Each structure stands twice: as structure tokens, then as C-alpha cells.
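Everything on this sheet refers to the single structure shown next.
Coordinate-derived values only; no laboratory data. This one's a predicted model, so the numbers in the text were calculated from it and none came from an experiment. In this analysis, Cβ positions are derived from the backbone assuming ideal geometry, glycine residues included, and neighbour counts consider all displayed protein chains.
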Amino acid sequence: MCIDCNCGVPTHAHTHAHTHLELGQDLLSRNDTQAAANRSRFKAAGVPVINLLSSPGSGKTALLERMARDWGASHRIAAVVGDLATDNDARRLQNAGLRAIQITTGQACHLEAGMVQKALATLESDGIDLAALDLLVIENVGNLVCPSAYDLGESLRVVMLSVTEGEDKPLKYPATFHAADVVVISKIDLSAAVGFERSQALRHIAQVAPRARVVEVSAKSGAGMGELLAVLGLPILSPL
Amino acid sequence: MEAVRDLALEQAGEHHARRISTITLRIGSLAGVEPDALRFAFDVVMAGTLGEGAALVIEDVQAHAFCDVCQQTFPAHDGVCECPDCGAISRDLVQGRELQLASLDLDCDDDPLQS
Ligand SMILES: Nc1nc2c(ncn2[C@@H]2O[C@H](COP(=O)(O)OP(=O)(O)O)[C@@H](O)[C@H]2O)c(=O)[nH]1
Ligand SMILES: [Mg+2]
Ligand SMILES: [Zn+2]
Ligand SMILES: [Zn+2]
Ligand SMILES: [Zn+2]
């Protein structure tokens, strides 16, 4: 066997050269380029864009429904929703009064910048002007693993965990939490029922998400929505 | 992961490779990619290409953060950015988010030493 490679050709009978290439190429450079294009579009339109990440069931769609209810009269909000196969979330959001575009990812377990670009084209063909929006929220696929590697061009990355998921959750997904600008603790109406150890959770979040601001909300009761508005840096607007 | 295959095949094409023998990736512990999942998908993703049968080598990069108080770099084990000496939380990650095609080993048709 060739000792330089595992080509199986005896060394003395080599008829091919072995080339070693030092590359150091970013694997996701194509996504990053696309994300940069999205980002400059959002910037030109002056619209803040949130990339919302959590496990399935943490309450991403419920939070969007609550945003529509509490902020919809004063803020023009649109949503892009990535989900496996079904279009239930988009319908829930449309029923809540949001302009919502579904990205059906098929087998994919995360959104990529190119998918968001296509969704923007759909938004536009539906007559929704990015520049006329006060907020665009991208509900990522429910998954705390690979979505974290894909920049979508967002201005804020928001990672959410509900009180029912346990105080250790951030320590189990440090890569995702580390990239968070904001961590939302959701379903705080259930804190007492599940014996949520708040200070422990906050400590774990600080350890793995050192740059993040933390906000605690209940989509059910509406608690914390004012703080969320402030943490997201959104202006308080009078009804449209 | 398709990105690995696409980048590797692009390079292999440019260098007129007959075969890719080794693909070396560099993956930070906070890159958001599970090396085991990559290893698992690798053979399937490479099947039927010049990279079929290639060896996959993964260089792990341990996350490190810088403590402003102690003016030192420390390993952020399990992503915990808490200085082991003073307990301060660092916001300054110096490495650990790498996700790179580090190098490729190719078998090329023309062997300059023998032709
Ligand atoms: N009690 C309570 N339940 C919630 C809250 N937010 C979401 N839920 C429930 O949690 C489940 C999953 O919510 P959903 O928004 O679909 O989660 P997603 O998968 O992250 O989009 C649903 O049954 C919601 O009714 C909350 O603030 N309080
Ligand atoms: Mg949802
Ligand atoms: Zn050989
Ligand atoms: Zn994925
Ligand atoms: Zn220190």
C-alpha cells in the first residue's frame, strides 16, 4: 500500500502524484455571501430583522401571535416561517393578522440565507415593501443544533427557551446560545407549576451567552412584552 | 454536508485530480456543527464523486476566551466563558467558531517525478 495515501497502489508503481493543498476555506462562504447581501438589503430598507431560534414547541409561533396582538396596531410586522412540510405556522400567523411567508424546507433542518432571499421575493410579489415594515421576524426551523451555523443576514439573533425545558438547556447547546444577541425565556406563566429555578437558568445563560440580553415573557399572558420591545430596540409607536 | 463536497470537488477539478484521498476539516467547538454527524453523513454525501472513499480528518478547535481582568486566554470548556481564575464572564471569544476546509490531499494524473 502507498504510504502517502490510501490509494492502494504500491509505492514503487506510482503513476500519479500526490498533491497536498492547504486551503483554510470557510465551508459556509456561499451562505455568508448571500447573508451579507440580505443584510445590506435589510439595512437599505431600514427594517430590523430577527432570526428566532429554539427547540420545537418553545413558543416561537405563539410569541409572534402575541406580537401581532400587542404590537400589530402600531407596528407593521411580517414573518417568514421555516417549517418541515406543514404550513400550519404561517396560517396561524396570518390568522393573527401578520403578513407571513412559509418556507417549506422539506428535509432541511435549518434555514439558509438563500431560502430567505427567495422568501423576500415572495413577500415583494405579494405587495409587501420591506421599507414599509417596522419589523421582520424569521421563525427558524425548530432545532437548536445546525441553524446556529447559518447567518441569514439578520440584525438580531434571538434564542428562546421555555421554562418547561429545564435550567440546563443553555449548557447543552452552547454554540447556539453563544451566538445569541438576545435570549428569551418563554412561558413564564408556567414557572411556578414546573418549579423553574430562575437564578440558575440566568447563570447558565450568562456562562454560554455572554453577549446576550435576557428577557422573560409569556405569550399567553403578555407579561414581559414591553421589555421585549425595548430589548429588541424597537421604537414605541402610536397606532397606525 | 454538501458544502464540504462542493468545495472539495471544485478544488479537485481545478487541480485535475483523479481522486481525493483525504479531506481535512477544521471545526471549532462552538461552530454549531457536530463532528459525529458530519462523519456519519460523509460517505453518503461523497458517494459517486471523486471523493468517494476519501478519508475524513477533523481537526477540533477548542473554544478559547480572553479574560480582561486577568489579561489571559483560557479554554472555554463546553462553551462556558467563565474565567477559571477570577470567575469573570468573558465576551471575547478568540477561537472556537471555525468551520473550514483545512486541506485536501489529491491524487493527480500527471506525476512530475515520473514523466
Ligand atoms: N402556557 C403557555 N403555553 C405556551 C406559551 N407559548 C406557547 N405555548 C404553548 O406551547 C406550544 C408550542 O407553541 P408554538 O408557538 O407552536 O411553539 P414553536 O414550535 O416554537 O413555534 C403550544 O401548545 C402553545 O400553546 C406561553 O407563553 N405559555
Ligand atoms: Mg412554530
Ligand atoms: Zn498513492
Ligand atoms: Zn440543519
Ligand atoms: Zn480572569
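Binning at 5 angstrom from zero up to the longest distance, how are the C-alpha pair distances of segment B:2-108 distributed in percent?
Binned Cα distances yield the sequence 2, 13, 20, 17, 12, 10, 9, 7, 6, 3, 1.
Treat every Asp and Glu Cβ in segment B:2-108 as -1 and every Lys and Arg Cβ as +1, leave all other atoms uncharged, and give the resulting dipole magnitude about the Cα centre to the nearest 20 debye.
Working: 7 positive and 18 negative charges, 34 e Å.
Computed about the Cα centre, the dipole is about 160 debye.
Determine Rg/Rh for the protein assembly as shown; Rg is computed over alpha-carbon atoms and Rh is the Kirkwood hydrodynamic estimate from the same atoms.
Working: Rg = 23.4 Å, Rh = 22.4 Å.
With Rh from the inverse mean 1/r over Cα pairs, Rg/Rh is 1.05.
In the structure shown, do any of A:Lys169/A:Lys220; A:Lys43/A:Lys172; A:Lys118/A:Lys172; A:Lys60/A:Lys169; A:Lys118/A:Lys187 have a Cα-Cα gap over 27 Å, and if so which? Walk me through the numbers before you get to the answer.
Numbers: A:Lys169/A:Lys220 22 Å; A:Lys43/A:Lys172 33 Å; A:Lys118/A:Lys172 32 Å; A:Lys60/A:Lys169 16 Å; A:Lys118/A:Lys187 32 Å.
Beyond 27 Å between Cα atoms: A:Lys43/A:Lys172; A:Lys118/A:Lys172; A:Lys118/A:Lys187.
If you average the C-alpha positions of segment B:24-73 and of segment A:95-119 separately, how far apart do those two centres end up, in angstrom?
28
Would you tell me the mean number of C-beta atoms belonging to other protein chains that fall within 10 Å of each C-beta in A:25-34, as a whole number? Write down the numbers at each step before the final one.
Details: counts 11, 6, 16, 8, 5, 3, 1, 0, 0, 0.
The shielding value for this peptide is 5.
Would you mind calculating the relative contact order of segment B:2-108 from Cα pairs under 8 angstrom and at least 6 residues apart, reporting the percent as a whole number? If you can, show how the numbers build up before the last one.
Values: 203 pairs, mean separation 42.3, N = 107.
Across segment B:2-108, relative contact order equals 40 percent.
For segment A:46-231, give the share of DSSP beta bridges that are antiparallel, in percent and rounded to the nearest 5; count only bridges with both residues there.
Values: 0 of 28 bridges.
Roughly 0 percent of the DSSP beta bridges within segment A:46-231 come out antiparallel.
Pairs of Cα atoms under 8 Å, at least six residues apart: use those to get the relative contact order of chain A, whole percent.
Details: 441 pairs, mean separation 53.9, N = 240.
Relative contact order of chain A: 22 percent.
About its Cα centre, how strong a charge dipole does chain A have in debye, to the nearest 20, once Lys and Arg get +1 and Asp and Glu get -1 at the Cβ? Mind showing how you got there, number by number?
Values: 21 positive and 25 negative charges, 87 e Å.
For this selection, approximately 420 debye.
Got a sec? How would A:Arg66, A:Arg76 order by Cβ neighbour count within 10 Å, fewest to most? Spell out each step's value before the answer.
On the way: A:Arg66 23, A:Arg76 18.
By the 10 Å Cβ count, ascending, the order reads A:Arg76, A:Arg66.
Springs between alpha-carbon pairs under 10 angstrom, Gaussian network model over chain B: which of B:Val61, B:Val80, B:Val45 fluctuates most?
Largest GNM mean-square fluctuation: B:Val80.
Quick check on the protein assembly as shown: helices-only [θ] at 222 nm, where DSSP H runs of length 4 and up contribute -39,500 (n - 2.57) each and the sum goes over total residues. Nearest 500, please.
Mean residue ellipticity, 222 nm, calculated: -8500 deg cm²/dmol.
Could you tell me the distance between the Cα centroids of segment A:213-227 and segment B:4-18, to the nearest Å?
50
Quick check: the angle from helix B:2-14's long axis to the longest principal axis of chain B, C-alpha only, nearest 10 degrees?
Once rounded, one gets 50 degrees.
Sticking with the crude label model, points 7 Å out along Cα→Cβ, report the distance from A:Arg30 to B:Ala88 in nm, one decimal please.
Going from the A:Arg30 label point to the B:Ala88 one covers 4.3 nm.
Reported to two decimal places, what Rg/Rh ratio describes segment A:46-231 when computed on Cα atoms with Rh from the Kirkwood expression? Mind showing how you got there, number by number?
Working: Rg = 15.6 Å, Rh = 16.5 Å.
My calculation puts Rg/Rh at 0.95.
Choose one answer from A:Pro48, A:Pro147, A:Pro210: the residue with the largest mean-square fluctuation in a GNM of chain A with alpha-carbon springs under 10 Å.
Among A:Pro48, A:Pro147, A:Pro210, the largest mean-square fluctuation in the Gaussian network model of chain A belongs to A:Pro210.
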